[in-house]
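Undergrad: Have a look at this one.
Readers should treat all values here as calculations from the given coordinates under stated rules, not as data from a laboratory. Everything quoted here is computed from the prediction, not taken from an experiment. When we count neighbours, we look across all protein chains shown, and the Cβ atoms used for this are built from the backbone with ideal geometry, even at glycine.
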Amino acid sequence: MHLSKEEESIYNGAQGPTLQKMMEILVALGDIYEAKQLIPIRSAQIAGVSYKTMGDAGLEWIADLQGTAKVPAVLNPAGMDREAFADMGVDAAFARKQEQLLRAYERLGIKPECTCTPYYLERPRFGDHLAWSESSAVCYANSVLGARTNREGGPSALAAALLGKTPDYGLHITENRYPTVTVKVKEPLRGAEYGALGFAAGAQVGDGIPIFSLKSRPSEDELKHLGAALAAAGAVALFHVLDVTPEQYILPPERMEIGRQELESEDDWQVPTRFFLPRDRIEVDVDAVKSLAHQRAEPDLIALGCPHASKEELDEIVRLLRGRRVRVETWVCTGRSLGQRHPDVIAALRRSGVKVLYDTCMVVSPAAGRFKRMMVDSGKALKYVPSMCGADAALATTEECIEAACRGD
Ligand code: F3S
């Protein structure tokens, strides 16, 4: 990889051992993936924040670093709400270590906003280059916003934050953003059914780039759930939806094997005539997706806000509660800044007995470990709760979750 004079001097240690180490990480990545150069990024989002996963070794590594982030940088969810950890059931020893870890990041000029939906803080623009870590955020930035980021590991996102650059490879390059597999869904979907679709299709797509032909037009929140589950069940970092996502127009006809005429001759492959789609195709079993999205359960925790809830999702939960109090422990996870911007909505949720949690989530916090059966409205949580929290998980729509929380009131 070509380095500028300044980059080379950092690599040789002229700006201290931390930046030297960070440059070594980026150069190693660039060499592996045959990047030609480093490119500037607009922002970074860094994973490796929960003390549950980082432990003492991770804490010491971060605490030893020196430097200041060159671009706006935030963190992934941590192991607890920084203010309400006791209420969550997080013990004081864990809380102390978690706080030390967050302060160590803060010392590096990284904003201790711990969220997997950093696009609600500042929405990246189409074409922006980013270095984000959290898989659902990566999928959203690439797919829904048309920004460009690889799925960074914690160290490479941190290195990108401290240097303001990332190697130019993978999804930063237009040719690598074309779809590789067509996924057809024959019936309209809504709400949690999009998470179920991502859960079902992700395993088949793997690390491919699906393009969906849908019978319904998903909202941005539904796309968020689709991408989060695709990234969790597979390793998808970018997807397209015909007539919905911003990058469908990059599809180059010479790379696509199915032409318009062939598609038009297949009645139920209804796609706009200007598109060419990959020949590899998956037809989704809609009945299986729908039954996955409407599971019945007797949960001891109802956990919403995976990925962190948007303002629209918080409003919807308040509407579904209709002023009732929950009878089953109910968490809603969201970003602290978003909650602080909308105190009335947060107050309405809390009046109903809902625990609104900032900085954390049901998957990365050790506090979720005391529950046996979780009900979630997220295909991503459905995937991770059993392995990360040791609890059974049932997927349902937000409405079904709220009805279970209120137990028929
Ligand atoms: Fe976010 Fe936690 Fe879900 S990090 S995407 S709320 S598993």
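Undergrad: Mind checking whether some residue in segment 82-95 is under 21 Å from Arg151 (Cα atoms) and either surrounded by 17 or more Cβ atoms within 10 Å (Cβ to Cβ) or in contact with an Asp or Glu (Cβ under 6 Å, 6 or more places away or on another chain) (or both)?
TA: For segment 82-95, residues under 21 Å from Arg151 (Cα atoms) and either surrounded by 17 or more Cβ atoms within 10 Å (Cβ to Cβ) or in contact with an Asp or Glu (Cβ under 6 Å, 6 or more places away or on another chain) (or both): absent.
Undergrad: Which one of these is assigned to a loop (DSSP other than H, G, I, E, B), under 21 Å from Ala232 (Cβ atoms) and in contact (Cβ under 8 Å) with a residue 60 or more places away in the chain: Leu171, Leu189?
TA: Among Leu171, Leu189, only Leu189 is assigned to a loop (DSSP other than H, G, I, E, B), under 21 Å from Ala232 (Cβ atoms) and in contact (Cβ under 8 Å) with a residue 60 or more places away in the chain.
Undergrad: Name every residue in segment 129-138 that is more than 10 Å from the ligand (Cβ to nearest atom) and either assigned to a helix (DSSP H, G or I) or closer than 15 Å to His240 by Cβ (or both), in order of residue number.
TA: The one that is more than 10 Å from the ligand (Cβ to nearest atom) and either assigned to a helix (DSSP H, G or I) or closer than 15 Å to His240 by Cβ (or both): Val138.
Undergrad: Check Leu320 against each of (1) part of a helix (DSSP H, G or I); (2) crowded, with 21+ Cβ neighbours inside 10 Å and name the one condition it does not meet.
TA: (2)
Undergrad: Determine whether segment 399-408 contains at least one residue that is crowded, with 21+ Cβ neighbours inside 10 Å and within 16 Å of the ligand (Cβ to nearest atom).
TA: yes
Undergrad: Would a scan of segment 284-300 turn up a residue that is buried (at least 19 other Cβ atoms within 10 Å of the Cβ), within 15 Å of the ligand (Cβ to nearest atom) and over 23 Å from Val185 (Cβ atoms)?
TA: no
Undergrad: Within segment 45-87, count every residue that is within 16 Å of the ligand (Cβ to nearest atom) and in a strand (DSSP E or B).
TA: Residues flagged as within 16 Å of the ligand (Cβ to nearest atom) and in a strand (DSSP E or B) within segment 45-87 amount to 5.
Undergrad: List every residue pair whose Cβ atoms lie under 6 Å apart, where the two residues are 6 or more positions apart in sequence or sit on different chains, the first residue falls within segment 63-78 and is under 30 Å from Ala368 (Cα atoms), and the second residue, located anywhere, is assigned to a strand (DSSP E or B) and small (Gly, Ala, Ser).
TA: Once the first residue is under 30 Å from Ala368 (Cα atoms) and sits in segment 63-78, its partners that are assigned to a strand (DSSP E or B) and small (Gly, Ala, Ser) give Ala73/Ala44.
Undergrad: In segment 20-36, which residues are assigned to a helix (DSSP H, G or I), within 15 Å of Thr166 (Cβ to Cβ) and not β-branched (Val, Ile, Thr)?
TA: Once the filter is applied, which keeps residues that are assigned to a helix (DSSP H, G or I), within 15 Å of Thr166 (Cβ to Cβ) and not β-branched (Val, Ile, Thr), segment 20-36 yields Met22, Met23, Glu24, Leu26, Ala28, Leu29, Gly30, Asp31.
Undergrad: A follow-up question, please. Go over the candidates Arg336, Arg324 one by one and state the one that is away from the ligand (no atom under 14 Å from the Cβ) and among the basic types (Lys, Arg).
TA: Going through Arg336, Arg324 in turn, the sole match is Arg324.
Undergrad: On to the next question. Being in a helix (DSSP H, G or I) and more than 19 Å from the chain's Cα centre (by Cα) is the filter here; which residues of segment 139-168 pass it?
TA: Matches in segment 139-168: Ala159, Leu162, Leu163.
Undergrad: From the set of residues in segment 369-399 that are over 15 Å from the mean Cα position of the chain (by Cα) and polar (S, T, N, Q), which is farthest from Arg322 (Cα to Cα)?
TA: Of everything passing the filter in segment 369-399, Ser387 is farthest from Arg322 (Cα to Cα).
Undergrad: Does Val345 satisfy the criteria of being farther than 29 Å from Leu121 by Cα, in contact with a Gly (Cβ under 9 Å, 6 or more places away or on another chain) and away from the ligand (no atom under 16 Å from the Cβ)?
TA: no
Undergrad: For segment 380-396, name all the residues that are in contact with an Asp or Glu (Cβ under 9 Å, 6 or more places away or on another chain), within 14 Å of the ligand (Cβ to nearest atom) and closer than 21 Å to Lys290 by Cα.
TA: Selection gives Val385, Pro386, Leu395.
Undergrad: Can you give me the number of residues within segment 348-373 that are away from the ligand (no atom under 12 Å from the Cβ) and of a type outside the set (S, T, N, Q)?
TA: Number satisfying all stated conditions: 15.
Undergrad: Continuing with this model, one more query. Looking at Thr174, Thr166, Thr149, which is the one that is within 16 Å of the ligand (Cβ to nearest atom) and among the hydroxyl-bearing types (Ser, Thr, Tyr)?
TA: So the residue among Thr174, Thr166, Thr149 that is within 16 Å of the ligand (Cβ to nearest atom) and among the hydroxyl-bearing types (Ser, Thr, Tyr) is Thr149.
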